[in-house]
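Worksheet: one structure, shown below.
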Amino acid sequence: MAINLSAFEQVKAALAPFQAKLVAVSKIKPVADIQALYDAGQRIFGENYVQELADKQPRLPADIAWHFIGHLQSNKVKYIAPFVDTIHAVDSIKLLQEINKQAGKHQRVIHCLLQVYIAAEETKFGMDEQELLQLLDAWKAAENTFPHIRIAGLMGMATNTDNETQIRKEFHHLKALHTSIKETYFREHDYFKELSVGMSGDYLLALQEGSTMVRIGSLLFGARL
Ligand SMILES: *Cc1c(COP(=O)(O)O)cnc(C)c1O
């Protein structure tokens, strides 16, 4: 058992003044570690792999809010649609349509975050701003055909660097984009409010720059070897 309860308390204390949510990222970690953090009070857990999440979910308490934070292929949505609360890395209208369809089969509503590419690195998933606006236009034009999803906000990952100025700049930029999209597309929808940014190494910066949801793994569960 390697969960770090003092780090858990520290993170919660840091989040409290911002009223931000903690997604405990449990990928690759055993069910026993997730149960231990659940017993300490945590209810939101994030996973990256469909098969792993589908295996773990029935073995853990039913009131866990599961967030899928990895890259999701359309043909795998059906395996998590019966129970997943939020999908963080939506990057196409096709994926949004499939989530809506699969959620509908279970009479559910799944919260979706749109992944925006903010890092300077080449390898990250996500949409650039133009692709994001195209997706939002397509959604807006057919809004009533998406009753089983809620676009709850944006998600991003900063460049993997020690350069705080750069990380802060990337978070700041995403927050500004969030504000302008909220005004343009969601003036009548309170549910567009989440900004999912910040991980173990940069969550304090992310909170200062407007994060409402941090995704923290290694700090709570130990390094993933
Ligand atoms: C693994 C992962 C995290 C957690 O990273 P840590 O550095 O361990 O906190 C957060 N977000 C995404 C998308 C991840 O894949």
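The values are calculated or read from the model by the stated rules, or taken from the named source; none is laboratory data. Treat the numbers as computed from the prediction; the structure is a model and nothing was measured. Glycine gets a Cβ as well: all are built from the backbone with ideal geometry, and neighbour counts include every protein chain shown. Surface areas here come from the heavy atoms of the whole protein model, side chains and all, with no ligands, DNA or RNA. Shrake-Rupley method; radii C 1.70, N 1.55, O 1.52, S 1.80 Å.
Below, the figures for the structure above:
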{"item": "Any chance residue 91 is over 20 Å from the mean Cα position of the chain (by Cα) and not basic (Lys, Arg)", "result": "no"}
{"item": "Residue list for segment 125-151, restricted to those being exposed (fewer than 15 other Cβ atoms within 10 Å of the Cβ) and farther than 30 Å from residue 107 by Cβ", "result": "128, 129, 130"}
{"item": "Entirely in segment 34-116, the strands (runs of 3 or more DSSP E) that have 1 or more residues that are modelled with pLDDT of 95 or more, open to solvent by less than 60 Å² (accessible area, probe 1.4 Å) and touching an Asp or Glu at 6+ places or on another chain (Cβ under 7 Å)", "result": "65-68, 110-116"}
{"item": "Those residues of segment 152-195 which are open to solvent by 70 Å² or more (accessible area, probe 1.4 Å), within 14 Å of the ligand (Cβ to nearest atom) and more than 19 Å from residue 69 (Cα to Cα), in sequence order", "result": "162"}
{"item": "Hits in segment 86-121 - residues which are of a type in the set (D, E, K, R), over 18 Å from residue 177 (Cβ atoms) and within 16 Å of the ligand (Cβ to nearest atom)", "result": "121"}
{"item": "Counted residues, segment 11-33 - those being over 19 Å from the mean Cα position of the chain (by Cα) and assigned to a loop (DSSP other than H, G, I, E, B)", "result": "1"}
{"item": "Unique match (being among the small types (Gly, Ala, Ser), surrounded by fewer than 20 Cβ atoms within 10 Å (Cβ to Cβ) and within 24 Å of residue 12 (Cα to Cα)) among 200, 211", "result": "200"}
{"item": "Filter pass, residue 8 being within 21 Å of residue 201 (Cα to Cα), in contact (Cβ under 8 Å) with a residue 12 or more places away in the chain, within 13 Å of the ligand (Cβ to nearest atom) and over 12 Å from the mean Cα position of the chain (by Cα)", "result": "yes"}
